[in-house]
Amino acid sequence: MTNYREILRLYRQGISLRGISRSLSCSRNTVSQVIQKANEAELTWLIAETLTNQQIEIQLFPDFYLTQLSSNEPKTLINRASTFFLGSTI
């Protein structure tokens, strides 16, 4: 699993994308995509450091999580995800 928290932390420290990818053994494309998605979601390290890796992943890729919820999942799970996306849990 990609360590989103660590990518954002290292990026905040000024480490290059290549340096982050080497350090975390992931591709530069992954690092670049995470940074781009974080910028689009206005997710700064100050916010990210208070979140779990899974919460960061949900913030970065909300469409993926909504499509992964099957119709058998309770509606409360969908409501919790929607609330999280709206930022009321931050």
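Can you sort Leu8, Leu46, Leu66 by 1.4 Å-probe accessible area, starting with the largest?
Reading off the accessible areas and sorting them downward yields Leu46, Leu66, Leu8.
Return the sequence-ordered ³J(HN,Hα) values of region 49-63 in whole Hz as given by the Karplus equation 6.51 cos²θ - 1.76 cosθ + 1.60 applied to θ = phi - 60°, using x for Gly and Pro.
Calculated HN-Hα couplings, in order: 5, 8, 10, 7, 4, 5, 5, 5, 4, 5, 5, 6, 10, x, 4 Hz.
The values are calculated or read from the model by the stated rules, or taken from the named source; none is laboratory data. Being a predicted model, the structure only gives us computed values, none of them experimental. Heads up: the accessible areas ignore ligands, DNA and RNA and are worked out on the full protein's heavy atoms, side chains in. Shrake-Rupley method; radii C 1.70, N 1.55, O 1.52, S 1.80 Å.
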